[in-house]
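One structure is given here, and the rest of the page talks about it.
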Amino acid sequence: MMRTEPDWLLDETAPGPRKPLYLRGGAGLNVALDGPALRIRRPARAAVLYPLARLARVVSSGAVQWNCEALLGCAEAGVPVVFLHRDGTVRAYLHGNARSRDPHDLLYTRLRARLTRPGGMARYGAWRQAMIDTAIRALGRQMQEPLTSYSEIHLRRSLAQTRQRHVGVVQAALIEQRVRGLLAGLSAQVLEEVGLGAARWPKLEFALDLAGDLAELLGWALEWPLLEALQTRFGGGPGPDLTDEAQLIGLFEAHAAELRRLGLEWLNQLRQGLER
């Protein structure tokens with residue numbers, strides 16, 4: 001079961017020793033550093049400690065009071081923090097020291113060496129489009145409907161309209177924004193794992209929103225689970241209420257391991273494409 005508190009969620013079911021921590025802003029919600037752990041507290045409530053060694057990423061939504069030492073502790077431990085508005089849109093990222101499993105095989109070195117050369121950004125664009133095409137074909141198989149004849153823009157519009165029919169325009173937009181925020185947090189974690197931490201981003205010397213692009217690509221892989229959940233709920237069957245933030249996070253985390261695997265695989269394809 002996911003451990004649930006009024007203002008923070010730690011997914012205990014996530015595979016591996018590190019877990020994502022979600023902070024939902026509220027009056028007096030404070031995050032400080034307590035030795036090797038984050039101390040989270042609200043007035044008149046007992047503090048809760050989360051060891052940094054157990055955290056994969058932190059998603060901080062809304063009004064959360066962060067102590068500077070807590071932010072530095074996350075950075076030094078290689079725990080990325082993504083700051084969201086309460087509607088789920090991204091405010092900022094905090095990247096720390098990367099935890100790359102193989103520091104000699106970095107996507108960073110290829111990005112820095114290739115993208116500044118003639119045709120480099122065209123290669124990046126080709127990779128991005130290839131990943132979109134791959135994700136749309138996979139979505140078509142899940143929906144049992146060929147989608148290759150749809151343009152990306154038309155397909156996004158059609159999926160958005162389907163969500164709106166189930167929960168209304170306002171709630172559908174809120175779900176979409178919150179999902180983007182959750183994907184941004186996972187993307188930041190994946191980039192840390194492949195060696196793109198704070199120390200390396202400034203050295204790339206060109207404007208590239210790789211975190212945003214990766215989040216957008218992974219969003220295609222989450223379209224069917226979201227649609228399936230909404231259709232089940234709309235039809236009166238059992239399923240999560242995606243208008244509830246905690247239940248939306250629960251659905252997201254049920255697929256987070258597969259999304260992380262896809263992210264690592266797609267970034268490896270980017271590295272291979274830049275080596276040619």
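The values are calculated or read from the model by the stated rules, or taken from the named source; none is laboratory data. Just so you know, these numbers come straight off a predicted model, no measurement behind them. Reconstructed Cβ throughout: ideal geometry from the backbone, glycine too, with neighbour counts over all protein chains shown. Note: areas computed on protein heavy atoms with side chains; ligands, DNA, RNA excluded. Shrake-Rupley method; radii C 1.70, N 1.55, O 1.52, S 1.80 Å.
Taken over the stretch 52-78, the criterion of being of a type in the set (A, V, I, L, M, F, W, C) and over 15 Å from GLN189 (Cα atoms) is satisfied by ALA63, VAL64, TRP66, CYS68, ALA70, LEU71, LEU72. Checked against (1) at pLDDT below 95; (2) in contact with a Phe, Trp or Tyr (Cβ under 7 Å, 6 or more places away or on another chain); (3) open to solvent by less than 20 Å² (accessible area, probe 1.4 Å), LEU38 passes all but a single condition, namely (1).
Residues in the stretch 124-149 that are more than 20 Å from PRO225 (Cα to Cα) and more than 24 Å from the chain's Cα centre (by Cα): SER149 only. As a summary of the residue check, GLU265 satisfies the conditions (1) over 23 Å from TYR93 (Cα atoms); (2) assigned to a helix (DSSP H, G or I) except for the one numbered (1).
Look at THR232 and say whether it is surrounded by fewer than 20 Cβ atoms within 10 Å (Cβ to Cβ), more than 21 Å from ARG128 (Cα to Cα) and without any contact (Cβ under 8 Å) to a residue 60 or more places away in the chain.
Yes, satisfied.
Condition check ((1) open to solvent by less than 50 Å² (accessible area, probe 1.4 Å); (2) among the hydroxyl-bearing types (Ser, Thr, Tyr); (3) at negative phi; (4) part of a helix (DSSP H, G or I)) across all residues:
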| position | (1), (2), (3), (4) |
| --- | --- |
| THR109 | no, yes, yes, yes |
| ARG112 | no, no, yes, yes |
| ARG117 | no, no, yes, no |
| ARG123 | no, no, yes, yes |
| ARG128 | no, no, yes, yes |
| ALA138 | yes, no, yes, yes |
| PRO146 | no, no, yes, no |
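Quick check, is ASP209 under 15 Å from the mean Cα position of the chain (by Cα) and surrounded by fewer than 15 Cβ atoms within 10 Å (Cβ to Cβ)? Judged against the criteria, ASP209 is a match. Taking the stretch 34-57 as the range and being assigned to a strand (DSSP E or B), of a type outside the set (Ser, Thr, Tyr) and either over 15 Å from GLY78 (Cα atoms) or touching a residue at least 40 places away in the same chain (Cβ under 8 Å) (or both) as the test, the residues that pass are ASP34, ARG39, ILE40, ARG41, VAL48, LEU49, ALA56, ARG57.
Within the stretch 245-259, is there a residue that is outside any helix (DSSP H, G or I), at pLDDT 90 or above and open to solvent by less than 30 Å² (accessible area, probe 1.4 Å)?
We begin by selecting, within the stretch 245-259, every residue outside any helix (DSSP H, G or I); these are none.
No, that holds for no residue.
Of all residues in the stretch 260-273, those satisfying the criterion of being surrounded by 16 or more Cβ atoms within 10 Å (Cβ to Cβ) and either of a type in the set (D, E, K, R) or touching a Lys or Arg at 6+ places or on another chain (Cβ under 6 Å) (or both) are ARG260, ARG271. Of the listed requirements (1) open to solvent by 40 Å² or more (accessible area, probe 1.4 Å); (2) on the phi > 0 side of the Ramachandran plot, GLY195 misses just one: (1).
Listed by first and then second residue, the pairs linking a residue in the stretch 152-172 that is more than 19 Å from GLU228 (Cβ to Cβ) to a residue that is open to solvent by less than 80 Å² (accessible area, probe 1.4 Å), with Cβ atoms under 7 Å apart and 6 or more places separating them unless they lie on different chains, are GLU152/ILE132. Just one residue in the set GLN161, GLN142 is over 20 Å from GLY88 (Cβ atoms), in a helix (DSSP H, G or I), touching a helix residue (DSSP H, G or I) at 6+ places or on another chain (Cβ under 9 Å) and not hydroxyl-bearing (Ser, Thr, Tyr); that residue is GLN142. Taking the criterion of being part of a helix (DSSP H, G or I), of a type in the set (A, V, I, L, M) and without any contact (Cβ under 8 Å) to a residue 12 or more places away in the chain, would at least one residue in the stretch 173-186 satisfy it? Yes - at least one qualifying residue is present in the stretch 173-186.
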